[in-house]
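Q: Handing you this structure, nothing more for now.
The values are calculated or read from the model by the stated rules, or taken from the named source; none is laboratory data. Only a predicted model underlies this, so the values are computations on that prediction, with no experimental measurement involved. Here the Cβ positions follow ideal geometry from the backbone for every residue, glycine too, while neighbour counts run over all protein chains shown. Side chains are part of the model used for accessible areas, which takes the heavy atoms of the whole protein and leaves out ligands, DNA and RNA. Shrake-Rupley method; radii C 1.70, N 1.55, O 1.52, S 1.80 Å.
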Amino acid sequence: MAKMMMKHGAPVKGVGMGAGVGLRPKRSTVVARAERQMWYPGAQAPSYLDGSMDGDYGFDPLRLGQNDGLIKYYREAELMNGRYAMLGCAGILFTELAGVGGNWWEASNSDYGLSLDKLIAIQVVVMGAFEYSRTKIYQETGECGVLSAAPFDPAKQKSPEMKVKELKNARLAMVSFLGFCSQAAVLGKGPIACLKDHIADPYHNNIYTSKVGGEATVAVMAACFAPMIIYAFKAVGKGDDDEFRPLPF
């Protein structure tokens with residue numbers, strides 16, 4: 001039986017046995033959604049980079065991904081160049097650690113028993129066959145492999161997590177290879193030799209004390225100020241993704 005209670009001088013119905021079941025207040029459920037990871041904290045991704053692609057962290061300063069018909073090919077090109085970079089970096093590090101082959105940037109001058117013309121002809125034929133097969137398989141399946149194997153996964157490691165890991169390592173390898181090339185051009189040394197020099201005397205053996213130290217400082221400062229410049233252009237504009245482009249086309 002429902003009881004009557006007095007609250008602030010006004011009668012209020014209470015809830016008794018078997019009564020007021022429909023008067024139970026509803027609970028509001030709050031679901032916390034994980035914040036999307038971006039290429040730097042606080043960055044805002046362009047509208048066409050919605051996070052649906054593997055390894056999408058909203059980084060596209062040149063706005064190359066605006067073309068819906070080409071973005072998948074850009075992704076495939078990024079992945080393939082990253083794979084070549086991973087192979088190249090592994091080969092450079094291994095040969096220098098093992099002490100074989102001399103300087104990696106002088107490998108093309110070594111005598112392999114064949115003339116340079118013949119080596120180029122062989123490479124054109126072999127790589128042409130691989131690239132033709134890769135392009136054909138990609139158009140048919142949307143994934144690339146080696147010759148008729150698509151995807152190429154002999155270790156059975158294919159998963160969404162491994163795809164992201166491969167992309168991250170591919171991007172890191174491309175940046176690393178650029179660093180290897182810079183070390184060879186500026187210091188005439190390989191990455192292992194440069195690492196040993198830096199560990200022995202980090203204060204005097206670094207990029208800022210090299211002959212391109214000034215250029216490196218300017219590049220780092222430009223990278224630090226670039227996000228602020230981009231947001232300044234967006235602030236004075238309409239906030240559209242197309243309002244600011246690093247290149248005027």
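Q: Which of the residue pairs LYS168/LYS196; LYS72/LYS156; LYS136/LYS165; LYS72/LYS165; LYS72/LYS168 have a Cα-Cα distance greater than 20 Å in the structure shown?
A: In this structure, LYS168/LYS196; LYS72/LYS156; LYS136/LYS165 exceed 20 Å between Cα atoms.
Q: Also, quick follow-up: Once phi is turned into θ = phi - 60°, what whole-Hz ³J(HN,Hα) does the Karplus curve with 6.51, -1.76 and 1.60 give for every residue of the stretch 218-224, x standing for Gly and Pro?
A: Running phi through 6.51 cos²θ - 1.76 cosθ + 1.60 with θ = phi - 60° gives 4, 5, 5, 5, 5, 5, 6 Hz.
Q: Please list, ordered by chain and number, the residues whose modelled amide H lies under 5 Å from the amide H of VAL146; skip anything fewer than 5 residues away on the same chain.
A: PHE152
Q: Roll a 1.4 angstrom probe over the protein heavy atoms and tell me the percent of accessible area of the stretch 69-192 that is carbon or sulfur. If you can, show how the numbers build up before the last one.
A: On the way: 5380 of 8380 Å².
Here it works out to 64 percent.
Q: Another question, if that's okay. Given a 1.4 angstrom probe, what's the average accessible area per residue across the stretch 31-158, in square angstrom?
A: Values: 9160 Å² over 128 residues.
So the stretch 31-158 comes to 72 Å² accessible per residue, rounded to a whole number.
Q: Quickly work out the ASN81-to-VAL100 label distance, labels modelled 7 Å from Cα along the C-beta direction, and quote it in nm with one decimal.
A: Reported label-point gap for VAL100 and ASN81 is 3.1 nm.
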